[in-house]
Each structure stands twice: as C-alpha cells, then as structure tokens.
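S.K.: Just passing along the structure, written as structure tokens.
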Amino acid sequence: MRSFSDINPLAAALYFFCVTGIAMFSSYPPVMALSLFGGVLFFIVRNGRSRAKSHLFFFILFMILLIANPLMSHNGVTVLFVMNDNPVTLEALLYGLNSAAMIVGVLYWFRSFTQIMTSDKLLYITGSLSPKLSLIISMALRFVPLFNKQSQKIKSSQTAMGLFKDDNIIDDIRARMRIFSILITWALENGITTADSMSARGYGCTRRSQFRRFRFHKSDVIFLIITAGLFALCCAALSCGSLEFTFYPAIKYSKPDLLGICGISAYSVLVLMPVIIETGVSLKWKYFMSKI
C-alpha cells in the first residue's frame, strides 16, 4: 500500500480537481462543511502540528470573510439588527459563513496540492500535452527561488554601499523600487542567457524526454476508478437538483432525496480518501516495525 503522495500524478491531479470542483460549484452547506473538514484534516495528517501559522492565517481569513459579507451585503428578509442605518440579515450572515467555508476549504486543498504535486510531477503532466507550456512552467518554478536569492543579494549590496535606507517610508519605497528595477533587469538578462544556452544544447530538436517517469500501477487504476465514480455520483446529485440551497431573498432548501443522500455520502468518502490512505500506510508501517 502506497501513500497518497506516491500515487500517479495524473490520478492525484484528477482527484484534487474533483474535490475542489464540487466545492466551488456547489452552494449546499453540508458539502462546504465536508470540504473544509476534509481539507483541514488532510493538511494536519500530512504536516502534524508544524504549520500553526498556516492555521492561524486561514482562521483569520475565515473570520474576515464571515464578517465582511453581512456588512457589505444587505439582502435578505430576516433582519437581525441595524448598524449605521444598514440592516444585517440572517441570510447574508449564513451566506458569508458558507462562502468562507468554501474558500478556506479550497485553499487548504490547494495547499496540500502544492505539497504533493512537485515540479517534476507537474512537468510530467504538462510535458506530454504541450512541451512549450512545460518549459514555461519549469522556468517559472525555477525563477521563484532564484528571485528570492537574487533580491537578498541586491539588498545586501545596496546596504553595503549605503544606498538602502529605511529611515522613513519614502526612502524605503525608493530603495525597494530601485531593487525591483535591478531585479527585473537581471531576470531579463538571465532569461536571454538561459534561452541561448538551451538553444545551443539542442533543445527542441527532438522529442522532449522526462526527467522522471511515472507509471500507472494497479492501485492507481483502482484509485482513479473510485474517484471518477464518486465524482460522477456527486455531479448527478447536483445536476438533478437534489442538493439545492438558496440563501436570497429567503432561505429555501429541499430535503435531500435518495440521490442527494448518495451524493453527500459519495463526497464524504471522496474527501476522506487521502486520510484513509495515509492512515492505512501509517498503521501498516507501525505493524511492520512492531514485528522487528
């Protein structure tokens, strides 16, 4: 049994697409709650307690989104109270809660996506579809850490020459604009140098090869089939109106029928699949260690 990060990149990318796609195109509160719960739980299982700042940031963002909607939108028929001659309605508050859960949940899923889908996996997916797009992505991923390092070098040089001053806001802005201008010039020159170097080495003459080859295993096929089946069941429940929920002008919802219950159950299994896989691998590892 392999961990979730060892699954074929195509299957993993399709899984994240299915989970976040349903969350973004649905307004049913239980679906939003499941998406948020699954995203947070998977992030904790992978990272433990080492990312407390990330949880604090997402909590602050959740509260901002929750409060902002009822203060900016005054739609709804159930007025809770009036503030500055503007009504704060129950419908706007619940809509803000639902939207905050959706946005923060999707952000948690994308955070796990960036940890699992490394640069070589993204290049594996895009390389066969479009070599030029793969090249752009690889260069963009490479330039992100280079930008940070070069920015620190320029700042250190400017400070040593006495040109970087942060005595007041104006001087600080001017110094940072000068560093940004130097950094852009360096990036353009470096990009030209990289292009000439790749051309001299014969890039584009033959078919592009992969740095790392990923093969489909039996477990990948099973995972892909289960993901597609659960996603299809969720889409059927959404398209047939079994999971409808309206916030404005008044809260209206229909009790989920058999198809709606199956859709919610399918999405529950879908969001918990990575946690189940990681937990199974962990228990299997502990079992083998206990036999030593």
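The values are calculated or read from the model by the stated rules, or taken from the named source; none is laboratory data. Since we're looking at a predicted model, the values are computed, not measured. Cβ atoms come from the backbone with ideal geometry, glycine included; neighbour counts cover every protein chain shown.
S.K.: Kindly evaluate I179 against the criterion of being at pLDDT 80 or above, of a type outside the set (S, T, Y) and touching a Ser or Thr at 6+ places or on another chain (Cβ under 7 Å). Step through it out loud before you land on a result.
M.R.: Details: at pLDDT 80 or above: yes; of a type outside the set (S, T, Y): yes; touching a Ser or Thr at 6+ places or on another chain (Cβ under 7 Å): yes.
Criteria met by I179.
S.K.: Considering the stretch 35-94 alone, what residues qualify as being aromatic (F, W, Y), without any contact (Cβ under 8 Å) to a residue 12 or more places away in the chain and farther than 30 Å from S282 by Cα?
M.R.: The answer is F81, and nothing else.
S.K.: Pull up the stretch 240-292, narrow it to residues that are of a type in the set (K, R) and closer than 28 Å to A92 by Cβ, then point me to the one that is surrounded by the most Cβ atoms within 10 Å (Cβ to Cβ).
M.R.: K252
S.K.: Within the stretch 2-20, how many residues are part of a helix (DSSP H, G or I) and touching a residue at least 60 places away in the same chain (Cβ under 8 Å)?
M.R.: Of the residues in that region, 13 qualify.
S.K.: Can you pull out the helices (runs of 4 or more DSSP H) entirely within the stretch 25-135 that have at least 1 residues that are among the acidic types (D, E)? I'd like the intermediate steps shown before the answer.
M.R.: Details: elements: 29-47, 52-72, 90-116, 119-129.
So the answer is 90-116, 119-129.
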